[in-house]
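Peer 1: One structure is given below, represented as structure tokens, and several questions about it will come after.
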Amino acid sequence: MSTNITTTATTAATGTASSVPTLGSLLRGGAAATVLAAAATTAVALAGQTAGISLDIAGAPIPQSGFATLTVIFSAIGLLIAVSLRRFARHPRTAWIRTTMALTALSLVPDVLVDAAPTTKMLLMATHLVAAAIVIPTVARRLHA
């Protein structure tokens, strides 16, 4: 049994069918991507720590759970943005990709500025990029072009 991720709408003018992603599809896919991204960022942080990279910022360690927690929080904010773009943007997928790419780039700025070892900064940036690589395309596929 497969999950129906789209609805079919018949276009009156042409009589053809087009595939329009549903809000439920967007939320289910976004939630699944969020869970996967949270697990992935935690795994990346753990792998870095296992390889000897410190998770200390200004002398205080980042808890492993912090990676999953922040990934879930910011992915949920991203989903709210996607829902808004789905409703109000003329081209939601394009707007989503542009917005999230800009936000991903901005999310790297604190990592560069934080009081931490260069390897720690790189590891933090890697977690941001891993989460973005999972969530952005998953949500984009569920938005109308």
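Peer 1: Failed condition for Trp96, given (1) in a helix (DSSP H, G or I); (2) open to solvent by 20 Å² or more (accessible area, probe 1.4 Å), with all others met?
Peer 2: Failed condition: (2).
Peer 1: Pairs needed: first member in the stretch 78-90, over 13 Å from Leu23 (Cβ atoms) and modelled with pLDDT of 95 or more; second member anywhere, open to solvent by less than 50 Å² (accessible area, probe 1.4 Å) and assigned to a loop (DSSP other than H, G, I, E, B); C-beta distance under 9 Å; at least 6 residues apart or different chains.
Peer 2: If the second residue must be open to solvent by less than 50 Å² (accessible area, probe 1.4 Å) and assigned to a loop (DSSP other than H, G, I, E, B), the pairs left are Ala89/Leu143.
Peer 1: Then there is this: For the stretch 111-129, which residues satisfy the criterion of being surrounded by fewer than 19 Cβ atoms within 10 Å (Cβ to Cβ) and among the hydrophobic types (A, V, I, L, M, F, W, C)?
Peer 2: Val112, Leu113, Val114, Ala117, Met122, Met125, Ala126, Leu129
Peer 1: Identify, please: which residue in the stretch 130-145 is open to solvent by 40 Å² or more (accessible area, probe 1.4 Å) and in a helix (DSSP H, G or I) and is, among those, nearest to Ala39 (Cα to Cα)? Can you show your working first?
Peer 2: We begin by selecting, within the stretch 130-145, every residue open to solvent by 40 Å² or more (accessible area, probe 1.4 Å); these are 130, 133, 137, 141-142, 144-145.
Right, trim to in a helix (DSSP H, G or I) and you get 130, 133, 137.
On the way: Val130: 10, Ala133: 13, Pro137: 17 Å.
That would be Val130.
Peer 1: Starting from residues that are within 14 Å of Ala133 (Cα to Cα) and among the β-branched types (Val, Ile, Thr), keep the ones in the stretch 26-75 and report whichever is surrounded by the most Cβ atoms within 10 Å (Cβ to Cβ).
Peer 2: Residue satisfying both the conditions and the ranking: Thr41.
The values are calculated or read from the model by the stated rules, or taken from the named source; none is laboratory data. Since this is a predicted model, take the numbers as computed values, not measurements. Every residue, glycine among them, receives a Cβ derived from its backbone with ideal geometry; neighbour counts consider all protein chains shown. Note: accessible area is taken over every heavy atom of the protein model, side chains too, but ligands, DNA and RNA are not part of it. Shrake-Rupley method; radii C 1.70, N 1.55, O 1.52, S 1.80 Å.
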